[in-house]
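The values are calculated or read from the model by the stated rules, or taken from the named source; none is laboratory data. Predicted model, so just to flag it, every value in this text is computed and none were measured. Methodologically, a virtual Cβ is constructed for each residue, glycine included, from the backbone with ideal geometry; neighbour enumeration extends over all protein chains shown.
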Amino acid sequence: MAEPAPQTGVRAPVGVDTTRPSIARVYDYSLGGKDNYDVDRVAFEQIQRIAPRQGDVSRMNRRWLHRVVRYLAGPAGIDQFLDIGAGLPTVGNTHQIAQQENPEARVVYVDNDPVCNAHGRVLLEQNENTHFVSGDVLEEGTLLENKNVLQYLDPDRPIAIILCGLLHHLDDELDPPGVMREYISRLPAGSYVAITNFFDPGDENPVLHALAKQLEQAFTEMGLGSGWYRTRAQQLEYFDGLELLPPGFTELEDWWPAGPPARERLPEERVVIGGVGFKPPSPAPRLRSVPSDE
Ligand SMILES: C[S@@+](CC[C@H](N)C(=O)[O-])C[C@H]1O[C@@H](n2cnc3c(N)ncnc32)[C@H](O)[C@@H]1O
């Protein structure tokens, strides 16, 4: 019988405690990384009892991130990235993709897990345009007001915020839509927000809804203490004030895939969605007709 999950949530990252699974280390294991312990592998194996190919889900998530960053740093012309909940360094990190498009692109990684921060500083700060800052997405005033972040990013010019696989680790009581409103209100026009999360299709697909609920239970009760599968309507609130780029908030392999599908999509891959929002310039104030003084 699985031990109930410790109530780690996101408020107390387990950090270097090797007796409890950590979000970052479990994810690292799912990607085939080496920065994890037995406790993380056991937690992931609980998930694999329900979704044997959950590792493919993590790899799909990284492919999505790569396509989005390539688009943003290339055609969209963004040269400032804030990757929040960046995780442990892996193959193809945000700055490597962005700087292939534009060597001048600045990337600031943020994570609240001390292990990520230690590894991130050593492995990711490879050039003067790439930095790792220890911080929490829930910080008062948002990370857009964090002085360490502001050392590297200009808050008056467009920024792309990347939130891949993070918001589903925020419990409802932390009000993830409210958190996003705080970020979006501080972003300058011309900025982008890229989000991926676990997804509960609800009535759209009862079979996948059942899978999402089983996975949610495994993540929240037997594994990490968080990992919420929310509906599309719940998650669309994260983009309030933004215009969603086509094709919208979709299964990840429907968002500008790199080519034709090589195999049938797995059920576990269908309970994750992602989208990119754009902050348009505010509409010009309507001109009031001024009475003439004839
Ligand atoms: C599933 S991993 C995703 C890693 C990477 N973004 C990706 O998609 O490949 C989630 C990451 O979010 C971090 N995280 C969780 N809660 C956080 C918070 N409140 N503030 C900042 N980072 C957080 C975890 O430590 C972990 O590294």
Task: Only one of Leu215, Leu224 that is within 15 Å of the ligand (Cβ to nearest atom), at pLDDT below 95 and in contact with a helix residue (DSSP H, G or I) (Cβ under 7 Å, 6 or more places away or on another chain) - done: Leu224
Task: From the options Leu150, Leu138, Leu170, Leu88, residue that is touching a Gly at 6+ places or on another chain (Cβ under 7 Å) and not charged (D, E, K, R) - done: Leu88
TODO: Mind listing just one residue for me: the one in the range 53-82 that is part of a helix (DSSP H, G or I) and more than 16 Å from the ligand (Cβ to nearest atom) and, of those, farthest from Val276 (Cα to Cα)?
DONE: Ala73
- [ ] Could you please give the count of residues in the range 221-255 that are part of a helix (DSSP H, G or I), more than 17 Å from the chain's Cα centre (by Cα) and either under 23 Å from Pro281 (Cα atoms) or small (Gly, Ala, Ser) (or both)?
- [x] 2
- [ ] Output the helices (runs of 4 or more DSSP H) that fall wholly within the range 83-194 and possess 2 or more residues being near the ligand (Cβ under 9 Å from one of its atoms), or say none.
- [x] 114-124
Open item on the list: Tell me the residue from Ile47, Ile84 that is out of contact with any strand residue (DSSP E or B) (no Cβ under 7 Å at 6 or more places or on another chain) and buried (at least 21 other Cβ atoms within 10 Å of the Cβ), please.
Closed with: Ile47
TODO: Report yes if Leu72 is in contact with a strand residue (DSSP E or B) (Cβ under 7 Å, 6 or more places away or on another chain), buried (at least 16 other Cβ atoms within 10 Å of the Cβ) and not hydroxyl-bearing (Ser, Thr, Tyr), otherwise no.
DONE: yes
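Of the residues Ile50, Ile23, which single one is closer than 20 Å to Phe219 by Cβ and either more than 12 Å from the ligand (Cβ to nearest atom) or among the charged types (D, E, K, R) (or both)?
Working: Ile23 fails: either more than 12 Å from the ligand (Cβ to nearest atom) or among the charged types (D, E, K, R) (or both).
Sole residue among the options that is closer than 20 Å to Phe219 by Cβ and either more than 12 Å from the ligand (Cβ to nearest atom) or among the charged types (D, E, K, R) (or both): Ile50.
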Open item on the list: If I filter the range 149-167 for residues that are more than 26 Å from Gly77 (Cα to Cα) and loosely packed, with under 15 Cβ neighbours inside 10 Å, do I get at least one hit?
Closed with: no
